[in-house]
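See structure below.
The values are calculated or read from the model by the stated rules, or taken from the named source; none is laboratory data. These numbers were taken from a predicted model, which means no experiment stands behind them. Using ideal geometry, Cβ is built from the backbone for each residue, glycine included, and neighbour counts are taken over all protein chains shown. To get the accessible areas, we keep the full protein, side chains included, count just its heavy atoms, and leave off ligands, DNA and RNA. Shrake-Rupley method; radii C 1.70, N 1.55, O 1.52, S 1.80 Å.
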Amino acid sequence: QFGCYSNFIGAHWWNLQEAGFVYNADTPSEINHDILFREGVTSEGYVTFTPRLLLVDLKGNISHLRQEGVLYNHNQAITPSDIQWPAEKVELICTPKEEKNVFLNDLEKEENAMINTEALGSLPKVYNLDNVVNVWADYLQTRYHPRTVSLINQYENNSGTNPFDVFNYGANLWKMEQFQDDFIDRIRLYVEECENMQGFHILVDGSDGFAGLGTSAVEYLEDEYSTKSRLVFPAIPSSFINTTPRQDSVRVLNLALSFHSLADHSSLFVPLCTGSSGWRQPGAPRQFPHLLYNESFAYHSSAILATALDTMTLRYRLKTGIYSQLSEMTDTLSRLGRRAAVASLGLPFAMGYDTYLQDTLEKWEGPLWQTLSPSSNLENDRVWIQSVVLRGVPELRLRRAQRGGRMQQDTNPAYMCSTVQEMLSLFFSCCSYATASHVTSANVPCNVTSPFPQFFSEFVGLDGSVRIERRPQNIGVYSVPAIAGIHSCRSAGEMLEALHSDVRKLKLKRFHNFCNSGLEEDEYRECLDHLANLRECYHEEFDI
């Protein structure tokens with residue numbers, strides 16, 4: 001994870017996964033959590049289960065969180081009594097203690113007591129964190145390994161004098177021997193622990209200096225682990241406040257340079273943004289019929305993107321999908337040089353509490369999902385191939401008992417479907433523009449207990465079903481069915497066309513920070529030409 005917004009998304013993603021842990025051996029989880037988590041043991045003999053994660057952020061963006069984490073031994077805070085010199089000769093200066101919000105305080109109490117403070121059989125407590133979240137650490141529930149967090153000290157967050165806002169700043173940071181050697185060593189230690197490693201997920205802020213850092217890391221991964229897949233999600237924040245036209249142009253340059261690099265060195269890249277435009281400004285927020293989110297809150301928009309990630313990646317994280325590998329998905333979706341794809345999410349997947357999947361699909365109006373990639377629209381789009389995951393719809397809700405006799409059953413092909421996967425595949429073959437669809441289904445819903453934001457409509461029940469009556473105000477939504485996908489489609493070409501159209505209007509020589517940090521005019525022209533060539537892969541006549 002490279003960058004502040006990517007870490008906002010990541011914090012939600014790891015929280016969602018941990019919320020789905022099953023501790024009852026009689027009802028094991030469908031999800032193989034060992035794929036993205038690792039088991040360890042502290043020096044005291046306690047077993048830990050932490051993400052296989054490396055993240056990079058600027059100093060000041062981790063708030064109360066210790067860089068080395070809290071699970072393993074770390075240096076305790078120094079107090080005056082620890083100093084062996086006479087007190088009158090020592091001036092002790094301490095950084096101010098970061099205040100924790102009520103959620104983090106409750107979490108700490110539970111961990112210290114090693115118990116769940118919720119009464120048996122009661123509903124989980126609902127927290128309203130909208131006005132108290134400033135950084136992603138303010139709602140992080142998952143505990144990270146000591147090697148996870150790397151901080152950049154050369155630049156400052158929201159700095160007017162030393163911002164980390166240029167692609168080449170990140171690329172040059174990667175070239176620094178101290179940073180690169182340390183980060184590569186962290187990668188190696190994780191890789192050596194793995195058996196049958198499938199590849200890498202990379203979340204990267206695409207519009208600032210982290211774009212250069214993240215894409216440089218992807219290039220290294222291609223060189224060092226060429227047989228492993230590299231699935232990259234360049235993320236664009238949902239809101240930029242009080243920016244100047246020049247700052248907007250800088251973001252466009254960063255995005256163009258990052259897409260140019262990812263098209264060469266990733267296996268597949270899927271831009272993520274809840275804004276409809278995404279380049280100079282994110283644009284109008286994508287609308288979800290049953291969500292009331294505030295696009296100006298990174299805490300809200302990143303939760304939507306994290307839900308999409310958690311759902312679409314179930315294809316190769318389920319225990320039943322043991323033969324479905326990450327490489328199988330990336331290779332299929334990137335055929336004919338189409339390295340860019342488009343993301344989608346339906347949250348929640350709108351089913352009534354007493355309805356069945358067959359009834360829901362037969363009565364459905366409009367698209368099943370909302371597009372989550374900038375300058376693209378999947379509604380009525382030409383899709384060549386897509387990978388779709390539907391979760392939270394068990395097979396006992398496949399269809400209601402058939403009452404109309406054998407004749408009705410024979411005339412409706414839906415009655416031939418015996419699984420959710422078959423039913424949804426039939427729907428796509430009849431009602432979508434997709435040439436080919438890979439469908440995965442999972443019974444497990446998405447667990448959206450706190451600290452996930454409670455931005456659901458009052459007509460969404462606590463189980464995520466859509467109801468006629470309102471949900472009580474003091475009751476939250478605790479789980480939801482969801483559908484998400486990655487699509488190789490014509491819209492991906494339109495996305496690249498829109499970015500190329502914006503960036504070709506810019507004259508590099510007017511942006512001295514790029515020139516002074518090493519970007520040459522020839523490289524810039526190569527970037528423009530590459531984007532133009534990449535968009536050509538999405539023309540119909542390019543099909544075989």
Inset, instruction - Taking the residues in region 210-261 that are over 25 Å from GLU156 (Cβ atoms) and either among the β-branched types (Val, Ile, Thr) or in contact with a Pro (Cβ under 8 Å, 6 or more places away or on another chain) (or both) as candidates, determine which candidate is most open to solvent (accessible area, probe 1.4 Å). - result: THR227
Inset, instruction - Being over 21 Å from the mean Cα position of the chain (by Cα) and open to solvent by less than 80 Å² (accessible area, probe 1.4 Å) is the filter here, so list the residues in region 28-37 that pass it. - result: SER29
Legend entry - Evaluation of LEU426 against (1) at pLDDT 95 or above; (2) part of a helix (DSSP H, G or I); (3) aliphatic (A, V, I, L, M); (4) closer than 26 Å to THR320 by Cβ (one fails), failing number: (1)
Inset, instruction - Out of SER334, SER302, SER324, SER296, report the one residue that is surrounded by fewer than 23 Cβ atoms within 10 Å (Cβ to Cβ), closer than 22 Å to PRO445 by Cα and either touching a His at 6+ places or on another chain (Cβ under 6 Å) or not acidic (Asp, Glu) (or both). - result: SER324
Inset, instruction - Go through (1) out of contact with any helix residue (DSSP H, G or I) (no Cβ under 6 Å at 6 or more places or on another chain); (2) assigned to a loop (DSSP other than H, G, I, E, B); (3) buried (at least 18 other Cβ atoms within 10 Å of the Cβ) one by one and return the number of the condition HIS438 breaks. - result: (2)
Inset, instruction - Would you mind telling me which numbered condition in (1) open to solvent by less than 20 Å² (accessible area, probe 1.4 Å); (2) free of Cβ contacts under 8 Å to residues at least 40 places away in the same chain; (3) more than 23 Å from the chain's Cα centre (by Cα) ASP185 fails? - result: (1)
Legend entry - Every residue from region 93-124 that is assigned to a loop (DSSP other than H, G, I, E, B), modelled with pLDDT of 70 or more and of a type outside the set (Asp, Glu): ILE93, LYS97, LYS100, ASN101, LEU123, PRO124
Inset, instruction - Considering (1) over 26 Å from SER266 (Cα atoms); (2) open to solvent by 20 Å² or more (accessible area, probe 1.4 Å); (3) of a type in the set (Val, Ile, Thr), say which one ILE385 fails and leave the rest. - result: (1)
Legend entry - In region 441-475, the residues that are in contact with a helix residue (DSSP H, G or I) (Cβ under 9 Å, 6 or more places away or on another chain) and under 23 Å from MET423 (Cβ atoms): SER441, ALA442, ASN443, VAL444, CYS446
Inset, instruction - Taking ASP310 as the residue in question, decide whether it is assigned to a helix (DSSP H, G or I) and surrounded by fewer than 20 Cβ atoms within 10 Å (Cβ to Cβ). - result: no
Inset, instruction - Hey, could you check region 262-292 for residues that are among the small types (Gly, Ala, Ser) and surrounded by 24 or more Cβ atoms within 10 Å (Cβ to Cβ) and say which is nearest to ASP130 (Cα to Cα)? - result: GLY278
Inset, instruction - Tell me which residues, restricted to region 360-375, are open to solvent by 10 Å² or more (accessible area, probe 1.4 Å) and not in a helix (DSSP H, G or I). - result: TRP364, GLU365, GLY366, PRO367, LEU368, TRP369, GLN370, SER375
Inset, instruction - Mind checking which strands (runs of 3 or more DSSP E) fall wholly inside region 125-235 and carry at least 1 residues that are over 27 Å from ASN32 (Cα atoms) and of a type in the set (D, E, K, R)? - result: 149-156, 199-205
